[in-house]
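Engineer: Below you'll find the structure I mean.
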């Protein structure tokens, strides 16, 4: 037997057994070691230090750097920011320390501005629809057109409508826009002759505003003197999540908790254990829609135990006796406890705490007021402030000073415009249906579908997306599908834009000229500038510039209305902020801060018939009288109206509620990964939302955490995953808005009659495994 | 670092600002669920209790920059090491991607780059560690296969120290800067008059997983 | 040293087919590696919760096999047990091949494999407190020593072989104690953290080493028409039984300790969680119960076929033991703060294996099989056939 073997055992060498000879291996190893050693000898900066910019290869590193001041627009707070722009690119957004409203703070959304600016889904050029068919899932067949063509066509249509004597048949839908764009659009509507400027406010918190208006004539959100308050009783407000000005609340939270000797106490009333609730000192899981009863029960305790501020009540209020009778008569804690689900003892405790810790604030939010009857709820909560003397005092409710913009020249609408403006508004504001409403956004859809009071011929949407954000959203799909002509203006295509005939690409807030200010919150006024931090991308334009252009094309009195006010977005901003400070200084600083807030303005602050804070609302009485409604009984007093639920309790045993998490960027986080991936902090989850159900409810329904479920209302159904969550009342289904399944699609349509607020609460649903 | 959990509002500004500051990539929903997406600073929700006595704590967790860091102990290539001022650094150049440090970290502070990340238009071009130690070696920047983590924004601190600014007052990491509630304080632990020492003496402070013996340098002031 | 050793002819169809098949699989593994090198570890099933996957499992498994095999060879070369001499060379060769495979598996699992040389920069650039770095010395040294050992054996130098054998066996013990220490010294992972881990690994190494040796020897001898001595295999079987019992005891003590310790949840998850069937069916069932039943049955434990079966069961069972420790053992979420951590940060890691990972692992094993076959052909590893038997090259190895 012959051995055939190539191995030479005595060599003790790996040979070729492993594919590489030992020699080669050693060579390589030696080379590696040599290179390593050589590297050590080459001079290099010490480990972990930064290479100076001049040592970068050519064209790398920071070549140019700038920090323009501007402001954010990812929510209505419009915080002042500074943007770091390196080599012509925006790379970081930080706060502007000169801003006193936020004291230089921003929320997480401000950071997301970079993803808004560089959103790959941005429209690059005006688009025209080629597919006449319209629908949510229909492909519009966009084709690019030039600005000139687009604006010529739009102005042409506007001109035609005006020439036909029907300017009122133009509707303008606005979502979140800069204050300067809001001003310019309002001016346009007036000059053009349409009363139908439909803002998104009717989807927000009109009831909350109307509630305050009943008491003191201010149809606005309340401003709270947070820095000095000692107690916050929050009803359904997302103070740390969505209530604007949000960054101010976030900054003040830190201040009132641990930056002063008194740690403020916070109690949150909410059916859901929101972020605000979990950060607070106590959570009262109230039955949805019963906040008014709770507020009045608290008033009951305060009044019956004589804990109220008698001096303030006697000196500066009217109608206290009627109010007292109502409260003491029907709102004892024992009566209210079964309605609200809060034990009487707790109600008493909270009431005594609230009245005993001065100054205290009763803070109302959409969760409580977004119901039919929401105005009265807001009124009831607001009155608690008066009860404890927290009106226009340090640490209490204060009244927002408006920025002293240079007034726009008076506008005299021409004959055509006047005729148009005299027509009844599309949304029914101020009518018998909505006597005190300033805007009834959601009703516009019905009006359009019913062609009542008249059919809409043309509409322009500016940064709006009611098809996503309005309760009963599918009606907007129908309504827009029927529109003869629709123009949409925004940086990206959204649901509403999908119905457009023409889309005009607007600049994002980081490329735009504007002036801005926050909603009520700080008390003192503050103006913020917006200036482009980078040149506008693609072919996008400022909204104001578009309006100026169209106005010029329309000519006549419309064009006249836009003369001498700057002529462009930049010019407008400059015009309106003239007198505040020199323009260059304003651009450099980014903010103008108004004078310090003055308290105790009781002699002039109440805009009511009596000139005082009214527990019995004269303003409301006047509005009701105008439409022939009774004003007696509790019609003009804050009171609890048991909600009219939409859906039979038998078939739909659960109650749907929705909320807005902080990382919901203007109601829609879908293009922004930073907002999406951390979307729901309480659940540690991102990229989606859930149907949040209490464990007891889930058990009854046989649903486990993570199960795919359908949530069905009388108006529609959606599919999502269940999240078994201890932080929601049994019998309630909570869903986040802004990402994932849209609860607006299955929410029914109801209104707070007085303010026209679209109610988000009140829809009953059932949930079952999908 | 001292994080005041009573001031913290759970807003996640710290998390997002960190991503923006350090070019940390985002991922897809699947990647997020599987924990493939890098996160340098995360806010965890710790829940306990049953309705209605439920409690959720939101706790921001950057890298703890432990004094006895298990990651430093286990890294074979010395890609992670504690520098003199206490910051635990991460050197992409040395990292061989063995993931031993991820395994060893009790705080889940470390992330591996499971794929080559897209460079976004808003990424800053001047960022160490991508630019640290740039020399003849390949792979100075974030490539797939290396581990990354919070660096206490050492690039800001080093730049500021060069300019003579005071750490903790005039320069802080991006998360501390972004926190609207001013819940995150940063400074010199050894300075008895410094902001950090004062905060730690103001009330009860704790650290996460102290029983691990890591001596983390992120303290939490309790509610 | 009695008995001579020869190479195989390696010309039979069976042999060739085997070489081709293994080569193809190894090539597939190479392709999978290239894909993972280019695309990144997203092609694996690992994540930041379960960062180590199949390659590491394979690596520690192979190290264990290698160490076990080498230690067993010392029975002959150190302790002079002649009945194992026919297989002793195979044992050493197997050890060499297996440790190389282990190093390959580690290489493949690195995020940046081209920087593997850093693992060998002992004391110069490395942090020698790291068990990984220490193991670099151990594995590298072990590879060299076992090659030297093999060479000395081929040279026929008995005394030198004895000394080298002692060193090699001792080093092998250190190697696998070290591997166990990689896991055992990590406090963050409750299921791993234990002083027993190095010993458990050593026990697993011995167990799987004997088992693999039995399987390899029986297969090799049977397929090359060599006589398989019942007694030798039976005595290996007794050794195997002893090692299994030791391993079982260590596993039991380790798990029991953790059931008492404050940090129990991760181990409870391992013993009773959704994937615990792997533990009970494979690690305990296949790895211990089935083999022990066979090995304690007086009739079965002398039959080569049944011994083979028991050994094969152990080979599979110990693999799953490694798998179960590394992957589900790391999946349980860490308790960053007391309480239930919601969502992603508190979720149990997923550990689905991806095709690339599996192909990679199969490829490495195939490559090792290939080396083994080539070794049989080109090295004098198999005992010479007795004169009356013809080695007509008809069979495969």
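Engineer: Among the residues of the stretch B:49-68 satisfying the criterion of being surrounded by fewer than 24 Cβ atoms within 10 Å (Cβ to Cβ) and without any contact (Cβ under 8 Å) to a residue 12 or more places away in the chain, which is farthest from the other protein chains (Cβ to nearest Cβ)?
Structural biologist: Among residues in the stretch B:49-68 that are surrounded by fewer than 24 Cβ atoms within 10 Å (Cβ to Cβ) and without any contact (Cβ under 8 Å) to a residue 12 or more places away in the chain, the one farthest from the other protein chains (Cβ to nearest Cβ) is B:53.
Engineer: Taking the condition of being surrounded by 22 or more Cβ atoms within 10 Å (Cβ to Cβ), within 27 Å of residue A:570 (Cβ to Cβ) and out of contact with any strand residue (DSSP E or B) (no Cβ under 6 Å at 6 or more places or on another chain), how many residues in the stretch A:186-207 meet it?
Structural biologist: Number of matching residues: 4.
Engineer: Can you tell me which residue is farthest from the chain's Cα centre (by Cα) among those in the stretch B:23-43 that are facing another protein chain (nearest Cβ under 7 Å) and part of a helix (DSSP H, G or I)?
Structural biologist: Among those residues, the one meeting the criterion is B:29.
Engineer: Oh, and also: What are the residues in the stretch C:78-93 that are over 21 Å from the mean Cα position of the chain (by Cα) and touching a residue at least 40 places away in the same chain (Cβ under 8 Å), if any? Even if it seems obvious, please write down each step before you answer.
Structural biologist: In the first step, residues of the stretch C:78-93 are kept if they are over 21 Å from the mean Cα position of the chain (by Cα); the result is C:78-83, C:85-86.
The answer is C:78, C:82, C:83, C:85, C:86.
Engineer: Hand me the list of helices (runs of 4 or more DSSP H) wholly inside the stretch A:618-708 holding 3 or more residues that are surrounded by fewer than 21 Cβ atoms within 10 Å (Cβ to Cβ). Step through it out loud before you land on a result.
Structural biologist: Working: elements: A:618-626, A:673-677, A:695-701.
Result: A:618-626, A:695-701.
Engineer: Residue C:96: over 18 Å from the mean Cα position of the chain (by Cα) and over 30 Å from residue C:187 (Cα atoms), yes or no?
Structural biologist: Details: over 18 Å from the mean Cα position of the chain (by Cα): no; over 30 Å from residue C:187 (Cα atoms): yes.
It is false that residue C:96 is over 18 Å from the mean Cα position of the chain (by Cα) and over 30 Å from residue C:187 (Cα atoms).
Engineer: Residue B:20 versus (1) at the interface with another protein chain (Cβ under 8 Å from one of its Cβ atoms); (2) over 22 Å from residue B:171 (Cβ atoms); (3) within 14 Å of the chain's Cα centre (by Cα): which is the lone unmet condition?
Structural biologist: Among (1) at the interface with another protein chain (Cβ under 8 Å from one of its Cβ atoms); (2) over 22 Å from residue B:171 (Cβ atoms); (3) within 14 Å of the chain's Cα centre (by Cα), residue B:20 violates only (2).
Engineer: Quick one: residue B:46 ticks every box in (1) modelled with pLDDT of 95 or more; (2) facing chain C (nearest Cβ under 8 Å); (3) outside any strand (DSSP E or B); (4) surrounded by fewer than 23 Cβ atoms within 10 Å (Cβ to Cβ) except a single one, so which number is it?
Structural biologist: In the conditions (1) modelled with pLDDT of 95 or more; (2) facing chain C (nearest Cβ under 8 Å); (3) outside any strand (DSSP E or B); (4) surrounded by fewer than 23 Cβ atoms within 10 Å (Cβ to Cβ), residue B:46 misses (3) alone.
Engineer: Restricting to the stretch B:190-221, count the residues that are crowded, with 16+ Cβ neighbours inside 10 Å and in contact (Cβ under 8 Å) with a residue 24 or more places away in the chain. Step through it out loud before you land on a result.
Structural biologist: Taking the stretch B:190-221 first, the residues crowded, with 16+ Cβ neighbours inside 10 Å are B:194-197, B:199-200, B:205, B:208-209, B:212, B:214, B:216-221.
Of the ones still in play, those that are also in contact (Cβ under 8 Å) with a residue 24 or more places away in the chain are B:194-196, B:199-200, B:205, B:208-209, B:212, B:214, B:216-221.
Residues meeting the conditions: 16.
Engineer: Which residues, counting only those in the stretch A:685-713, are in contact with a strand residue (DSSP E or B) (Cβ under 9 Å, 6 or more places away or on another chain) and under 30 Å from residue A:509 (Cβ atoms)? Spell out how you get there, then give the answer.
Structural biologist: Quick first cut of the stretch A:685-713, residues in contact with a strand residue (DSSP E or B) (Cβ under 9 Å, 6 or more places away or on another chain) only: A:685-686, A:688-695, A:697-699, A:701-713.
Result: A:685, A:686, A:688, A:689.
Engineer: Determine which single condition residue A:575 fails, assuming it passes every other condition in (1) under 19 Å from residue A:98 (Cβ atoms); (2) at pLDDT 95 or above.
Structural biologist: Going through the list (1) under 19 Å from residue A:98 (Cβ atoms); (2) at pLDDT 95 or above, residue A:575 breaks only (1).
Engineer: Now, a different point. On the basis of being in a helix (DSSP H, G or I) and more than 27 Å from residue C:374 (Cβ to Cβ), does residue C:102 make the cut? Give the derivation first.
Structural biologist: On the way: in a helix (DSSP H, G or I): yes; more than 27 Å from residue C:374 (Cβ to Cβ): no.
So residue C:102 fails the test.
Engineer: Something else: Of the numbered conditions (1) part of a strand (DSSP E or B); (2) more than 20 Å from the chain's Cα centre (by Cα); (3) more than 9 Å from chain B (Cβ to nearest Cβ), residue A:214 fails exactly one; give the number of that condition.
Structural biologist: (1)
Engineer: Look at residue C:96 and say whether it is at pLDDT 90 or above and more than 22 Å from residue C:236 (Cα to Cα).
Structural biologist: Numbers: at pLDDT 90 or above: yes; more than 22 Å from residue C:236 (Cα to Cα): no.
The answer is no for residue C:96.
Engineer: Which of the residues spanning the stretch B:99-109 are within 7 Å of another protein chain (Cβ to nearest Cβ), in contact with a strand residue (DSSP E or B) (Cβ under 9 Å, 6 or more places away or on another chain) and not in a helix (DSSP H, G or I)?
Structural biologist: Correct list: B:99, B:107, B:108.
Engineer: Give the number of residues within the stretch B:29-43 that are touching a helix residue (DSSP H, G or I) at 6+ places or on another chain (Cβ under 7 Å), without any contact (Cβ under 8 Å) to a residue 24 or more places away in the chain and either surrounded by 21 or more Cβ atoms within 10 Å (Cβ to Cβ) or under 11 Å from residue B:59 (Cβ atoms) (or both).
Structural biologist: So the answer is 2.
Engineer: How about the stretch C:315-368: which of its residues are within 23 Å of residue B:105 (Cβ to Cβ), in contact with a helix residue (DSSP H, G or I) (Cβ under 6 Å, 6 or more places away or on another chain) and within 13 Å of chain A (Cβ to nearest Cβ)?
Structural biologist: The answer is C:333, C:342, C:343, C:348.
Engineer: While we're here: Name the residues in the stretch B:74-93 that are within 7 Å of another protein chain (Cβ to nearest Cβ) and either surrounded by fewer than 19 Cβ atoms within 10 Å (Cβ to Cβ) or in a loop (DSSP other than H, G, I, E, B) (or both), would you? Steps first, please.
Structural biologist: Step one: filter the stretch B:74-93 for residues within 7 Å of another protein chain (Cβ to nearest Cβ), giving B:74-78, B:83, B:89, B:91.
Answer for the stretch B:74-93, where residues must be within 7 Å of another protein chain (Cβ to nearest Cβ) and either surrounded by fewer than 19 Cβ atoms within 10 Å (Cβ to Cβ) or in a loop (DSSP other than H, G, I, E, B) (or both): B:75, B:76, B:77, B:78, B:83, B:91.
Engineer: Mind listing whichever residues of the stretch A:549-590 are assigned to a loop (DSSP other than H, G, I, E, B), without any contact (Cβ under 8 Å) to a residue 40 or more places away in the chain and surrounded by 19 or more Cβ atoms within 10 Å (Cβ to Cβ)?
Structural biologist: Residue satisfying the conditions is A:566 alone.
Engineer: Does residue C:31 count as surrounded by fewer than 19 Cβ atoms within 10 Å (Cβ to Cβ), assigned to a helix (DSSP H, G or I) and modelled with pLDDT under 95?
Structural biologist: Values: surrounded by fewer than 19 Cβ atoms within 10 Å (Cβ to Cβ): yes; assigned to a helix (DSSP H, G or I): yes; modelled with pLDDT under 95: no.
No: the conditions fail for residue C:31.
Engineer: Further, regarding this structure: So for the stretch C:144-159 (the condition being in contact with a helix residue (DSSP H, G or I) (Cβ under 7 Å, 6 or more places away or on another chain), within 14 Å of chain B (Cβ to nearest Cβ), under 28 Å from residue B:78 (Cβ atoms) and free of Cβ contacts under 8 Å to residues at least 40 places away in the same chain), does at least one residue qualify?
Structural biologist: No.
Engineer: Look through the stretch B:1-17, keep the residues that are outside any helix (DSSP H, G or I) and under 15 Å from the mean Cα position of the chain (by Cα), and return whichever of them is nearest to residue A:274 (Cα to Cα). Working first, answer last.
Structural biologist: Residues of the stretch B:1-17 outside any helix (DSSP H, G or I): B:1-12.
Right, trim to under 15 Å from the mean Cα position of the chain (by Cα) and you get B:1-3, B:12.
On the way: B:1: 27, B:2: 25, B:3: 21, B:12: 15 Å.
Only one residue tops the list, namely B:12.
Engineer: Of all the residues that make up the stretch C:160-185, how many are touching a residue at least 24 places away in the same chain (Cβ under 8 Å), over 19 Å from residue C:206 (Cα atoms) and surrounded by fewer than 21 Cβ atoms within 10 Å (Cβ to Cβ)?
Structural biologist: Total satisfying the criteria: 2.
Engineer: Mind listing whichever residues of the stretch A:95-129 are at positive phi and away from chain B (no Cβ under 12 Å)? So that I can check it myself, show each step before the final result.
Structural biologist: The first filter runs over the stretch A:95-129 and keeps only residues at positive phi, leaving A:103-104.
Correct list: empty.
Engineer: Please verify whether residue A:511 is touching a helix residue (DSSP H, G or I) at 6+ places or on another chain (Cβ under 6 Å) and assigned to a loop (DSSP other than H, G, I, E, B), treating the condition exactly as stated.
Structural biologist: Details: touching a helix residue (DSSP H, G or I) at 6+ places or on another chain (Cβ under 6 Å): no; assigned to a loop (DSSP other than H, G, I, E, B): yes.
The answer is no for residue A:511.
Engineer: Mind listing whichever residues of the stretch A:293-312 are closer than 27 Å to residue B:54 by Cα and touching a strand residue (DSSP E or B) at 6+ places or on another chain (Cβ under 9 Å)?
Structural biologist: A:294, A:295, A:298
The values are calculated or read from the model by the stated rules, or taken from the named source; none is laboratory data. All values derive from a computational prediction rather than experimental measurement. Neighbour counts run over all protein chains shown; Cβ positions are idealised from the backbone, glycine included.
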